[in-house]
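Here the structure comes first, spelled out in structure tokens, and everything after it is commentary.
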Amino acid sequence: QVQLVESGGGLVQPGGSLRLSCAASGTIFPINAMGWYRQAPGMQRELVATITDGGSTNYLDSVKGRFTISRGNARNTVNLQMNSLKPEDTAVYYCSAVISRTYWGQGTQVTVSS
């Protein structure tokens, strides 16, 4: 059983910053990759950023230069530093982990609004 627990969402003004964190527990090793996806109301879930066990990263074009994904020292955590947030970044953000299959967290709401 694998559990992913996200934290760090909330309400922020445009131009502000938030840091999302996710911790995996259970039968979790090896974790091949971890990442963040988001889903806005009425929209498909989309990849925001991923990071492999080797440290390779991939970003959605619209967040490049603003968001940074990183793995924690414990290797079972992943963080997403979000700067210069825009209203269009508003969505539920989901943590993912690729182990034997892809596992998902329950999501954390990020709202960017003045």
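Per the listing 20, 85, the residue uniquely open to solvent by less than 40 Å² (accessible area, probe 1.4 Å), within 28 Å of residue 114 (Cα to Cα), in contact (Cβ under 8 Å) with a residue 12 or more places away in the chain and not in a loop (DSSP other than H, G, I, E, B) is 20.
When residue 54 is tested against (1) outside any helix (DSSP H, G or I); (2) modelled with pLDDT of 95 or more; (3) more than 20 Å from residue 4 (Cβ to Cβ), just one condition goes unmet, and that condition is (2). On the basis of being open to solvent by less than 60 Å² (accessible area, probe 1.4 Å), under 18 Å from residue 2 (Cβ atoms) and at pLDDT 95 or above, does residue 96 make the cut? In short, yes. Starting from residues that are at pLDDT 95 or above and in a strand (DSSP E or B), keep the ones in region 66-76 and report whichever is farthest from residue 13 (Cα to Cα). Out of the qualifying residues, it is 70. Taken together, the residues in region 23-36 that are in contact (Cβ under 8 Å) with a residue 60 or more places away in the chain and crowded, with 17+ Cβ neighbours inside 10 Å amount to 7.
Check whether at least one residue in region 58-65 is open to solvent by less than 30 Å² (accessible area, probe 1.4 Å), in contact with a helix residue (DSSP H, G or I) (Cβ under 8 Å, 6 or more places away or on another chain), assigned to a strand (DSSP E or B) and modelled with pLDDT of 95 or more, and report yes or no. No, there is no match, as no residue in region 58-65 is open to solvent by less than 30 Å² (accessible area, probe 1.4 Å), in contact with a helix residue (DSSP H, G or I) (Cβ under 8 Å, 6 or more places away or on another chain), assigned to a strand (DSSP E or B) and modelled with pLDDT of 95 or more. Exactly one residue among 12, 112 is touching a helix residue (DSSP H, G or I) at 6+ places or on another chain (Cβ under 8 Å), at pLDDT 95 or above and open to solvent by less than 30 Å² (accessible area, probe 1.4 Å), and that residue is 112.
Which residues, taken from region 14-60, are closer than 16 Å to residue 83 by Cα and out of contact with any Phe, Trp or Tyr (no Cβ under 7 Å at 6 or more places or on another chain)? Across region 14-60, the qualifying residues are 14, 15, 16, 17, 18, 19, 21, 60. Flag set for residue 96, criterion: of a type in the set (S, T, N, Q) and under 15 Å from residue 22 (Cβ atoms).
The values are calculated or read from the model by the stated rules, or taken from the named source; none is laboratory data. None of the values given here were measured: they were computed from a predicted structure. Virtual Cβ from ideal backbone geometry, glycine too; neighbours counted across all protein chains shown. These accessible areas exclude ligands, DNA and RNA; they are computed on the full protein's heavy atoms, side chains included. Shrake-Rupley method; radii C 1.70, N 1.55, O 1.52, S 1.80 Å.
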